[in-house]
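Structure first, commentary second.
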Amino acid sequence: MTADGGGVAPGQVVLVTGAASGIGRATAAAFLAAGDDVLLTDLDGEGAAATARALDPGGARARGLALDVTAPEAWAAAVDLLRAWRGRLDVLAHVAGVAAAASLAEQDLAGWRRAFAVHVDGPLLGTQACLPLLRAASGSVVHVASASGKRAQAGAAAYCASKAALLMLSRVAARELAPLGVRVNCVVPGGVRTPMWDAQPFFHDLVAETGSVDAAYAALASDTPLGRFCTAEEVAAAIVWLAGASGVAGAELAVDGAYGA
C-alpha cells in the first residue's frame with residue numbers, strides 16, 4: 001500500500017524496539033511483509049537476533065540488536081549500526097514496554113522509575129538519537145501507548161501514569177517535529193494477548209480461577225465491547241498504517257475493541 005493510503009512504501013528502513021516478542025515481533029513481521037528492511041531491537045539481544053533469523057532466514061533484510069532503550073549510549077550504537085547497514089532510517093517504532101502492577105500502597109520506587117524509564121525515557125532518547133536520520137528521510141515515529149494511559153486502572157499506577165506521559169510526549173513531539181518533516185503518531189491498544197501477561201502473578205491466579213488461559217483472557221475482556229482482546233498482529237497493522245499515512249500527525253489511534261469509547 002502506498003503512503004497516501006497508509007502503509008509504508010516497500011524498501012524503507014525501520015527500527016522496532018521490543019521486537020523479540022509480542023507486539024514488537026508482530027510489528028517487525030508486518031514491516032518485513034511489506035517489503036521493508038528492519039532492525040529488530042530488544043533488551044534481550046539474543047531474542048531479537050533469533051526473531052530476526054526466524055522472520056528473515058536469509059538474513060538479507062532483518063538484523064537483531066541488543067538495545068536498552070533507557071541507555072543513551074545504546075541508542076548511539078543503534079544509530080551507528082543503521083548508518084553502516086543501510087545509511088538511513090524511515091520509521092522508528094517504539095514498542096518496548098514493561099508490565100507494572102502494584103497498588104499505590106505497595107508500589108516501590110524502583111518499579112515506578114522503571115516504568116517511566118522504559119515508556120517515557122526510551123521514546124525520548126530514541127527520538128533524539130534517530131532524529132538526524134529521520135529528518136533526512138522525512139520519516140515518521142510511531143509510539144505504542146495504552147488505553148490504560150487514558151482510563152485509570154486500580155493497581156496499575158506506574159503503568160497508567162507512564163503511558164499517559166507517553167501520550168503527551170507524542171503530542172508535543174508531533175508539534176515540534178512536523179515542521180522538520182517528521183511525523184509522530186501514537187497507537188493506543190487496549191488489552192492484547194502477549195507474553196507480558198505471563199509475568200503477572202494476578203494473571204496466573206486468574207487462570208487458576210477460570211480454568212484456562214482462554215477463559216482468563218475472556219474474563220479480562222469482559223468490559224470490552226468487541227468481546228475480546230486484540231491480537232499483536234492487529235496492533236502491528238495499525239503501526240504500519242500510521243507509519244505511512246502521509247497526512248497524519250499527532251494522531252492517537254485506538255486499537256482497543258471500543259474499550260475506551
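How about the stretch 188-212: which of its residues are open to solvent by less than 50 Å² (accessible area, probe 1.4 Å), more than 23 Å from G111 (Cα to Cα) and in a helix (DSSP H, G or I)? The answer is V207, and nothing else. Checked against (1) open to solvent by 20 Å² or more (accessible area, probe 1.4 Å); (2) under 23 Å from A20 (Cβ atoms); (3) free of Cβ contacts under 8 Å to residues at least 40 places away in the same chain, A215 passes all but a single condition, namely (2).
Pairs linking a residue in the stretch 164-184 that is farther than 14 Å from E252 by Cβ to a residue that is in a loop (DSSP other than H, G, I, E, B) and open to solvent by 20 Å² or more (accessible area, probe 1.4 Å), with Cβ atoms under 6 Å and 6 or more positions apart or on different chains, are A178/A249; G181/S138.
Whenever a residue of the stretch 123-135 is under 16 Å from A165 (Cβ atoms), its partners that are open to solvent by 20 Å² or more (accessible area, probe 1.4 Å) and among the polar types (S, T, N, Q), lying with C-beta atoms within less than 8 angstrom and at least six residues away or across chains, give the pairs L125/T70. Scanning the stretch 52-62 for any residue that is at pLDDT 95 or above, under 19 Å from the mean Cα position of the chain (by Cα) and open to solvent by less than 30 Å² (accessible area, probe 1.4 Å) turns up at least one such residue.
As for the stretch 149-163, it holds at least one residue that is of a type outside the set (D, E), in a helix (DSSP H, G or I), open to solvent by less than 10 Å² (accessible area, probe 1.4 Å) and touching a residue at least 60 places away in the same chain (Cβ under 8 Å).
Given the condition buried (at least 24 other Cβ atoms within 10 Å of the Cβ) and closer than 24 Å to A238 by Cα, answer yes or no: does some residue in the stretch 42-49 qualify? Full working, then the answer.
Step one: filter the stretch 42-49 for residues buried (at least 24 other Cβ atoms within 10 Å of the Cβ), giving 42, 48.
From what is left, the residues that are closer than 24 Å to A238 by Cα are 42, 48.
Yes, the stretch 42-49 contains at least one residue that is buried (at least 24 other Cβ atoms within 10 Å of the Cβ) and closer than 24 Å to A238 by Cα.
Within the stretch 229-242, is even one residue under 23 Å from A129 (Cα atoms), free of Cβ contacts under 8 Å to residues at least 40 places away in the same chain, touching a Gly at 6+ places or on another chain (Cβ under 8 Å) and assigned to a helix (DSSP H, G or I)?
Initially, the stretch 229-242 is screened for residues under 23 Å from A129 (Cα atoms), giving 239-240, 242.
Cutting the leftovers down to free of Cβ contacts under 8 Å to residues at least 40 places away in the same chain gives us none.
The answer is no; no qualifying residue exists.
Among the residues of the stretch 74-119, those identified as closer than 26 Å to F31 by Cβ and either open to solvent by 60 Å² or more (accessible area, probe 1.4 Å) or of a type in the set (D, E, K, R) (or both) are D80, R83, A84, R86, R88, D90.
The values are calculated or read from the model by the stated rules, or taken from the named source; none is laboratory data. Here the structure is a predicted model, which means the values were calculated and not measured. All Cβ positions, even for glycine, are placed from backbone atoms using ideal geometry, and neighbour counts span all protein chains on display. Side chains are part of the model used for accessible areas, which takes the heavy atoms of the whole protein and leaves out ligands, DNA and RNA. Shrake-Rupley method; radii C 1.70, N 1.55, O 1.52, S 1.80 Å.
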